[in-house]
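Undergrad: Have a look at this one before I ask anything.
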Amino acid sequence: MSLKQVLWCGLFIVASCKKAAVDPKPLTPEQLLVGTWQTQRYVRTETASDGRIVRQDSTLYFAQNPGASVFFNADGTLQSPSPSIVATYRFDPPFLTYFYNSQPIGATTTNKVLQLTAQKLVIEAKTPTTTSTITETRSYNR
């Protein structure tokens, strides 16, 4: 066997032994939600039943503000910056339900996840009242 044939044979063996790269499984929405999120922006809009905007507020948060963090834990608990306030949550994409002492928080409020990626979370909360609808949108970053 010539040197050329040996090299060719060795190259074939190496090439055929290489495994194809396998992409990791994408994370589920539930897995993406778990972790610490830093509030970036909060917008509150109140719309009257006739469609008029009654009130609109917007707040930007800075990374140094420890009061702007929220922690979604894998065990279903939710912590705010205050360690004494621990609630639970249920995530049925795209809806979030929050509980405190086993009771839903804001029974008439609908919390919907509008955007969820590894780095960004946007939650919209809508609360109907007798005269208007209050919409709160919170944007978070990791």
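The values are calculated or read from the model by the stated rules, or taken from the named source; none is laboratory data. As the structure is a computational prediction, the values presented were derived from the model and not from experiment. Glycine gets a Cβ as well: all are built from the backbone with ideal geometry, and neighbour counts include every protein chain shown. Protein only, heavy atoms only, side chains kept; ligands, DNA and RNA dropped before computing areas. Shrake-Rupley method; radii C 1.70, N 1.55, O 1.52, S 1.80 Å.
Undergrad: For Val54, work out the one condition from (1) surrounded by 15 or more Cβ atoms within 10 Å (Cβ to Cβ); (2) at pLDDT 90 or above; (3) not small (Gly, Ala, Ser) it doesn't fulfil.
TA: (1)
Undergrad: As an exercise: evaluate Gln115 against (1) assigned to a strand (DSSP E or B); (2) crowded, with 16+ Cβ neighbours inside 10 Å and give the number of the one condition it does not meet.
TA: Just one mismatch for Gln115, condition (2).
Undergrad: For the list (1) open to solvent by less than 80 Å² (accessible area, probe 1.4 Å); (2) in contact (Cβ under 8 Å) with a residue 12 or more places away in the chain, I need the number of the one condition that Gln79 fails.
TA: Unmet for Gln79, out of (1) open to solvent by less than 80 Å² (accessible area, probe 1.4 Å); (2) in contact (Cβ under 8 Å) with a residue 12 or more places away in the chain: (2).
Undergrad: Which residues, taken from segment 114-132, are of a type in the set (Gly, Ala, Ser) and closer than 18 Å to Glu46 by Cα?
TA: Initial filter on segment 114-132 (of a type in the set (Gly, Ala, Ser)): 118, 125, 132.
Scanning segment 114-132 gives Ala125, Ser132.
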